[in-house]
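Report on the structure given below.
The values are calculated or read from the model by the stated rules, or taken from the named source; none is laboratory data. These figures come from a predicted structure and were not determined experimentally. All Cβ positions, glycine included, derive from the backbone under ideal geometry; neighbour counts span all protein chains shown. Ligands, DNA and RNA are stripped out before the accessible areas are found, and what is left, the full protein with its side chains, is counted by its heavy atoms. Shrake-Rupley method; radii C 1.70, N 1.55, O 1.52, S 1.80 Å.
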Amino acid sequence: MGGPITAALAGGRAGGRAGRSLWLIWAIALAAVPLLNKLPADSPFYLSDFVVSVTGKWICYAILALSIDLIWGYCGILSLGHGAFFALGGYAIGMHLMRMIGSRGVFGHPVLPDFMVFLNWPALPWYWHGFEYFVFAAFMALAVPGTLALVFGWLAFRSRITGVYFSIITQAMTYALMLAFFRNDMGFGGNNGFTGFKDLLGIPLQTPEMRSALYVASLLALMLSFLLCRFIVSSKLGRVLVAIRDAESRVRFLGYSVTAYKLFVFTLSAVLAGLAGALYVPQVGIINPGEFSPANSIEAVIWVAVGGRGTLSGAILGALAVNGAKSWLTTVAPDLWLFVLGGLFVAVTVVLPNGLIGLLRRRKRDEGNGQ
Amino acid sequence: MIKLRTLPTIALLALAMLICSLAPRPATAQGAAADPFAAALERLAGGDFGQIVEGINALAALGDARAVPILRALGDNALAKRQSDQRLAILRDDGPIDAATGTRLEPADRAAYAPIGINNRVRVALRGALGRLVLFSPDDAERLAAAQGVYRSRAAENLPLIERAYAAERNPRIKAQLELALAATRLMSPDAATRRAGVDTLGASSSAEARALLVETRAAANSDAELVAAVDRALASLDFRLQIASAAQTFFQGLSLGSVLLLAAIGLAITFGVMGVINMAHGEMVMIGAYATYLVQEAIRAWAPGLADVSILIAIPAAFLSAGAFGFVLERGLIRHLYGRPLETLLMTFGLGMIVQQAVRLAFGAQNREVSSPTWMQGTIALPGGIAITQNRLWIIVFGLAVLLATVAVIRFTRFGLNMRAVTQNRPIAATMGIPTGRVDAMTFAFGSGIAGMAGVALSQIDNVSPNLGTGYIIDSFMVVVFGGVGNLAGTLVGAFILGIVNKVLEPYAGAVLGKIFVLVAIILFIQRRPRGLFALRGRFVES
Amino acid sequence: MTTPAAPAAEPVLYLDGVTVTFDGFRALNELSIVVEPGELRTIIGPNGAGKTTMMDVITGKTKPDRGTVRFKQHDLTRLDEVRIANLGIGRKFQKPTVFDHLTVVENLELALKGERRPLIVLFARLDADERARIDEVLTLVGLTARARAPAGLLSHGQRQWLEIGMLLMQDPELLLIDEPVAGMTDHETHETAELLRRIAGERSVVVVEHDMEFVRALARRVTVLHEGRVLAEGPIDHVQNDPRVIEVYLGR
């Protein structure tokens, strides 16, 4: 499932040449999974719907990892609250999906989602209006995380909250949002969040066509995010970001507004995380406040660390590798998973600071030297 | 001589008078004929229910504690007349005794006694009378219950009785209750002045019950403008005092929460504040301390049940040592490789926390483990003004402050503390002066971790001991350290208490969750103005 | 009729009565210093004399409790580091700070005077003039051979020069240079003095230094700071023979 993509991607990027082969990998990954899904079920190459949706989910995680790598790997900002942006994007699409249920809910109310009927709410709260339009919801999925990041980042960067302080307050931010979304009177379904979605753009979510479409959309989004991030990190702005990471106050004395740069990249990163969340929710069919849990955010950071921060393909590779391992281990030996994940945190910081990509590059270099 | 009082005939009374006059007891000076107690007892034996009720009421009005067992016996159908001489007797399982004197009566055979029958009217009278009479019981608890009883019944006829009991009462708590009862009963009086006196007394109290009474009185006293005005005045003064009481209660709860935060944060103030190591496994250190407490308790239950009450005291060093040892190993094994890389340290310790949590979950199970409080920590203390303080919370405040003081003392006055300060202030110079910096680092980290373990002992008293015990406190403790100013124990103290109190003040208005959110947002905004906390260090060295 | 003041009369840097306290400690105490256009000024003083704090005040890192700090007509106490840098004040830190993960050329590119807004920087490309300017500075600081090397791989002296080169890319009117020759060989020290003398003239340069050899090599006006205020000021020979300066340096 994830194996060939992972290996191929790693190989392509580890060589350091984003050449034709990379595009080929993208194209294959894009086409192969939905096509293999179309094969007859008894074919050895057949990929089940389940595999398609799991892979699609991982791709969303890869976008999230990319967004974290952009700020952490390149600008040295460690956000422990990126899960919040992911979840907000997911909630925005979730609201659209809830509105699309219409009168097919348990209570059969034409407008109100089930949980509102259950809470005896007379009408839709003002902030639910507009979400019946997909375009509006899609816009909000990006705008809400972006705006939150803009405001939060402005407050934090302006007063030069850096390093671990920033990490801690971002963690507090996602924690506060989690507590807030657990509340029924927030109007986001409380504990249970949103589920029981029916269809998107008129097509039922459960159909293979829809699943394939979501998969392709996620992969395209990942590709575009990757290209955007690559454009940014290879521009002069990207070099300013690295400079901020290396010596923040020096950058300031060179006349760059560090606040503006951080704000720019933090907001963009939050938008990408929101995009990931928006693509994720229709594929998993549920969103609840648990997505805001601080552990989720920090786990996403570790994907990046495992893959190799400061390299965009490392972030993608890390997300796929760790989630692949998680899927496998939680079925084989569920008790062990947390040990492995915790061990990854330790291993990646103490012995493998450059992650898998760093390891691959070193091996490549060593081979080169040997010849 | 006392038994003479129960004699029904004049002749015997005369004889009694003669004997009593000979006896040296002052009580006997009254004389039997004038003795209202004896007269009331006579009525009980009188025959018809009307007389019995009169007798009961007469006994109740006397306020003589001796009547209590007699009336109880009557209620239990155990009061009887001796067939031979109509003397009142209480039929106990071990034989009849004289109702008046408590001495044994002959014959022991029950057939020689005729029980005194009662009906519902008598029962009602009995209940009221007993309620009033217990006011004079020698037992504090009984008197208190009686005082609460008359307060609730509010019968105007009780007034003289309550006045008498109030005058005689020595126990301040019961006296206060009686004062309330007196006031409440006065409200029922037909006399306007008495009613007003009652209103004033209630106004001077500070209980929600008194307030309800006043509101009720005000509603009933629509015609009496003067009374209404008095009630309004009383209500205003009562409300003010109730507010103070509730503020004091909130304050205490805030202190209590603050001391929990303090305990969890002191260790962080050492590891994060002093050493600059951001330990996300700090919550797990707390959890280890709580499990150490649990294990000590289980060990004592198994091998030395007699020590159960001091189990928690044994747990304190046990928790300190186990969490400290873990911290030592952690620092030597992993953290020291990451000095100067705070973000990596953060991630590494988070992962480590995960491993520890999962290991504990596998070893002890995911369910909550129960740690019981020793008896001396249970119960509540009632302060005047209706403020109730739970003992264990009070102990935790004391413990938190004690740990803080001990920490300060260790840093200030010990060799280890001196080394620690030297190393954190200037590592190279400390090293050149022969201080083993590596070992000091390890010891400092172990010290901070040990304090976290002691926090676990305290938390085991008020929270569930479960593998994710520490997770709930870690963000809050970091907020305390950041808010108070990193590297500053005074800031940690003030920060912890301010956050605790603000949390509790917000709770009634916003609920626990929203209150917490407000506090988090407020801290984020606060850091805007003072990025380095409440007690920030200033100077050119700060940023390096 | 009054004669209009000669343009040269307006100082580039004007500090008057500047006081900074940290928790009761007076880092700067009524400090007053004036730097003329094109001047090369050396500032010396024992540890804790307030040299670095003075730099911090000028560049906006530290706000003074009171006093006047002017750069030409601009009141620097009201501006932050970024604004001050963009006004034309460049600063070299005591500890060489360059961007280790960027190459020498990239370091210089970032310092290049020009647009600093993120969205414009995102699409910025070097034009021929700018390339020429980078080449010029590379030659000036002697790093042409290492142009494509990451700054992290440079030697200590090379890092110092790279940082000076970055200052030059900024094209500032005033350069503040904190201990430029710390850790340099004698040869490098000599070259650095040469470099600074070349730079001064078009721009004003303020150098803080401990190394008296170097100060003598610069051979310009010297200000001695002590306990946050000016103890002596004048040519190096004059200052070196001032009994108060001798007392401060040799102890009392």
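Give me the inter-chain shielding for B:516-527: mean count of other chain Cβ atoms within 10 Å, whole number please.
Working: counts 5, 8, 1, 2, 7, 4, 0, 2, 10, 2, 0, 9.
Mean shielding count: 4.
Using a 1.4 Å probe and counting only protein heavy atoms, arrange C:Thr42, B:Thr101 so the residue with the most accessible area comes first.
B:Thr101, C:Thr42
How large is the charge dipole for chain B, taken about the Cα centre, if only the Cβ atoms of Lys, Arg (+1) and Asp, Glu (-1) carry charge, to the nearest 20 debye?
1280
Looking only at C:Arg117, C:Arg220, C:Arg91, which one moves most when chain C is put into a Gaussian network model with springs between Cα atoms under 10 Å?
Of the options given, C:Arg117 has the highest mean-square fluctuation.
Applying the Karplus parametrisation 6.51 cos²θ - 1.76 cosθ + 1.60 with θ = phi - 60° to the phi angles of region C:172-177, what ³J(HN,Hα) value in whole Hz is obtained for each residue in order, glycine and proline being reported as x?
With the stated coefficients, region C:172-177 comes to x, 7, 10, 10, 10, 10 Hz.
Measure nothing fancy, just the Cα-based angle from helix B:437-462's long axis to the longest principal axis of chain B, in degrees from 0 to 90, nearest 10.
The angle comes out near 20 degrees.
For B:Gln83 and B:Asp239 in the same chain, what is the full-extension length gain: residue separation times 0.36 nm, less their Cα-Cα distance, in nm?
Here the segment from B:Gln83 to B:Asp239 would lengthen by 50.1 nm.
Excluding B:Leu71 itself, what net charge comes from residues whose Cβ is under 14 Å from its Cβ, given Lys and Arg +1 and Asp and Glu -1?
Details: positive: B:Arg43, B:Arg66, B:Arg72, B:Arg123, B:Arg127, B:Arg132; negative: B:Glu54, B:Asp64, B:Asp76, B:Glu142.
Around B:Leu71, the charge tally is +2.
For chain C, set up a GNM with springs between Cα atoms under 10 Å and report which of C:Ala182, C:Ala193, C:Ala124 has the largest fluctuation.
Greatest mean-square fluctuation among the candidates belongs to C:Ala124.
Using Cα springs under 10 Å in a Gaussian network model of chain C, which residue among C:Met55, C:Met169, C:Met184 shows the largest mean-square fluctuation?
Most flexible of the set in this elastic network: C:Met184.
In Å and on Cα atoms, what radius of gyration and Dmax does the protein assembly as shown show?
41.8, 141
Given a Förster distance of 25 angstrom, what is the FRET efficiency for C:Asp75 paired with A:Leu155, based on the Cβ-Cβ distance and rounded to 0.05? Present the calculation step by step, with values, prior to reporting the outcome.
Numbers: r = 27 Å, r/R0 = 1.08.
Once rounded, the FRET efficiency stands at 0.40.
Relative to the longest principal axis of the C-alpha atoms of chain B, give the angle of the C-alpha long axis of helix B:172-186, reported between 0 and 90° and rounded to the nearest 10°.
That works out to roughly 60 degrees.
Over chain C, what portion of Cα pair distances is larger than 29 Å, expressed as a whole percent?
So the pairs more than 29 Å apart make up 32 percent of the total in chain C.
So what is Rg over Rh here for region B:113-152, counting just Cα atoms and using Kirkwood for Rh?
1.13
At q = 0.26 Å⁻¹, what is the log10 ratio I(q)/I(0) for region A:53-135, with the Debye formula run over Cα points and no solvent?
-1.19
Once amide H atoms are built 1.01 Å from N in the peptide plane, which residues 5 or more positions from C:Leu102, or in another chain, come under 5 Å H to H?
C:Ala151, C:Gly152
Tell me: how much accessible area in total is hidden between A and C, 1.4 Å probe, Å², nearest 100?
2600
Leaving ligands, DNA and RNA out of it, rank A:Tyr133, A:Tyr261 by accessible area with a 1.4 Å probe, largest first.
A:Tyr133, A:Tyr261
If one computes P(r) from the Cα atoms of chain B, what percent of pairs lie at distances over 45 Å?
45
Kindly express, to the nearest 10 degrees and within the range 0 to 90, the angle between helix B:311-333's C-alpha long axis and the longest C-alpha principal axis of chain B.
Relative to chain B, helix B:311-333 is tipped by roughly 10 degrees.
Positive end of the charge dipole of region A:3-370 (Lys, Arg +1 and Asp, Glu -1 on Cβ, about the Cα centre): tell me which of A:Gly56, A:Leu179, A:Val233 has its Cα farthest that way.
The listed residue farthest towards the positive side: A:Val233.
For peptide C:99-106, what's the mean number of Cβ atoms from other chains within 10 Å of each residue's Cβ?
4
Rounded to the nearest 5, what % of the DSSP beta bridges within chain C are antiparallel ones?
Of all bridge pairs located within chain C, approximately 55 percent are antiparallel.
If you add up the charges near B:Ser449, with Lys and Arg at +1 and Asp and Glu at -1, over every other residue whose beta carbon is less than 13 angstrom from its beta carbon, what do you get? Present the calculation step by step, with values, prior to reporting the outcome.
Working: positive: B:Arg332; negative: B:Glu284, B:Glu331, B:Asp441.
Net of charged neighbours comes to -2.
Can you give the accessible area per residue of region A:3-370, in Å², using a 1.4 Å probe?
Value for region A:3-370: 37 Å² per residue.
Is there a simple number for the mean count of other chain Cβ atoms within 10 Å of the Cβ of residues in A:154-163, and what is it?
Details: counts 1, 5, 4, 0, 2, 8, 4, 6, 2, 4.
Counting other chains' Cβ atoms within 10 Å and averaging over A:154-163 gives 4.
Rounded to the nearest whole Å², what accessible area per residue is found for region C:10-250 with the 1.4 Å probe? Display every interim value, and only then the final one.
Values: 10350 Å² over 241 residues.
Using a 1.4 Å probe on heavy atoms only, each residue of region C:10-250 averages 43 Å².
Which residue, A:Ser327, A:Ala315, A:Pro282, has the largest displacement toward the positive end of the dipole of region A:247-371 when charges sit on each Cβ (Lys, Arg +1; Asp, Glu -1)?
A:Ala315
Run the helix sum for chain A: -39,500 (n - 2.57) per DSSP H stretch of 4+ residues, divided by residue count, reported at 222 nm to the nearest 500 deg cm²/dmol. Could the numbers behind the result be given before it?
Numbers: 15 runs with 266 residues, N = 371.
Mean residue ellipticity, 222 nm, calculated: -24000 deg cm²/dmol.
How much mean residue ellipticity at 222 nm does chain B get from its helices, if each DSSP H run of length 4 or more adds -39500 (n - 2.57) and you divide by all residues, to the nearest 500 deg cm²/dmol?
-22000 deg cm²/dmol
If each residue of separation counts as 0.36 nm, what is the full-extension length gain between B:Arg173 and B:Asp224 once their alpha-carbon separation is subtracted?
15.1 nm
A:Lys38: which lysines have alpha carbons under 26 Å from its alpha carbon, excluding same-chain residues fewer than 8 sequence positions away?
Reachable lysines: A:Lys57, A:Lys198.
How do A:Leu275, A:Leu222 rank by accessible surface area computed with a 1.4 Å probe, from largest to smallest?
Descending accessible area places them as A:Leu275, A:Leu222.
Compute, for region B:166-244, the length of the dipole vector about the Cα centre, with Cβ point charges of +1 (Lys, Arg) and -1 (Asp, Glu) only. Units Debye, rounded to 20.
I would put it at about 260 debye.
Once Rh for region B:318-372 is found with the Kirkwood sum over Cα pairs, what is the Stokes-Einstein diffusion coefficient at 10 °C and 1.306 mPa s, in µm²/s?
123
Any idea what the dipole of region C:10-250 comes to, in debye rounded to 20, about its Cα centre with Lys/Arg Cβ at +1 and Asp/Glu Cβ at -1?
For region C:10-250, the charge dipole is close to 480 debye.
What net charge is computed for the residues neighbouring B:Ala290, neighbours being all others with C-beta under 12 Å from the C-beta of B:Ala290, Lys and Arg scored +1, Asp and Glu -1?
-2
What are the residues of region C:67-90 that lose 30 Å² or more of accessible area, with a 1.4 Å probe, going from their chain alone to all protein chains?
At a threshold of 30 Å² (probe 1.4 Å), the residues of region C:67-90 that become less exposed are C:Glu81, C:Val82.
Report the one residue of A:Thr195, C:Leu119, C:Thr77 whose Cα lies farthest in the direction of the positive end of the charge dipole of the protein assembly as shown (charges on C-beta: Lys and Arg +1, Asp and Glu -1; origin at the Cα centre).
The one lying farthest along the dipole's positive direction is A:Thr195.
Post the alpha-carbon centroid distance, region A:26-90 to region B:411-425, in whole angstrom.
Between the Cα centre of region A:26-90 and that of region B:411-425, the gap is 51 Å.
May I ask you to give the average projected area over all directions of the convex hull of the Cα atoms of region B:414-455, in nm² rounded to one decimal?
About 2.8 nm², averaged over all directions.
Taking Rh as the Kirkwood radius, which is the inverse of the mean 1/r over Cα pairs, what is the Rg/Rh value for region B:166-244?
0.98
Quick one: work out Rg over Rh on the C-alpha atoms of chain A, Rh as Kirkwood radius.
My calculation of the ratio gives 0.98.
If you roll a 1.4 Å probe over the protein assembly as shown with all protein chains in place, what percent of the accessible area is carbon or sulfur?
61
Using Cα-Cα distances under 8 Å and only pairs 6 or more residues apart, what relative contact order does chain B have, in percent?
Computed over chain B, the figure is 14 percent.
Starting from the Kirkwood Rh over alpha-carbon pairs, what translational D in µm² s⁻¹ does region B:268-469 have by Stokes-Einstein at 37 °C and 0.692 mPa s?
182
Over region A:185-331, what portion of Cα pair distances is larger than 21 Å, expressed as a whole percent?
Details: 6212 of 10731 pairs.
That fraction is 58 percent.
Residues with amide H under 5 Å of C:Glu233's amide H, sequence separation 5 or more or different chain, H placed in the peptide plane at 1.01 Å from N; which?
Counting only residues 5 or more places away or on other chains, the set is C:Val224.
Search the structure for amide H atoms under 5 Å from the amide H of A:Gly308, placed 1.01 Å from N in the peptide plane, and list their residues when 5 or more places away or on another chain.
A:Leu356, A:Ile357
Report the rotationally averaged projected area of region C:113-252 based on its alpha-carbon convex hull, in square nanometres.
10.9
Got the relative contact order for chain C handy, in percent, Cα pairs under 8 Å and 6 or more residues apart?
RCO, chain C: 27 percent.
Please give the solvent-accessible surface of A:Val351 in Å², to the nearest 10, using a probe radius of 1.4 Å with every protein chain present.
Counting only protein heavy atoms, the figure is 110 Å².
Tell me the accessible surface of B:Val228 in square angstrom (1.4 angstrom probe, heavy atoms of protein chains only), to the nearest ten.
30
If you count only protein heavy atoms with a 1.4 Å probe, what accessible area per residue comes out for chain B, rounded to a whole Å²?
About 45 Å² of surface per residue is accessible.
What accessible surface, in Å², does a 1.4 Å probe find on B:Asp463, ignoring ligands, DNA and RNA and rounding to the nearest 10?
We get 60 Å² for B:Asp463.
Just to be sure I understand: of the beta bridges DSSP finds with both ends in the protein assembly as shown, what percent are antiparallel, rounded to 5? Mind dumping the intermediate values first?
Details: 41 of 59 bridges.
In the protein assembly as shown, approximately 70 percent of DSSP beta bridges are antiparallel ones.
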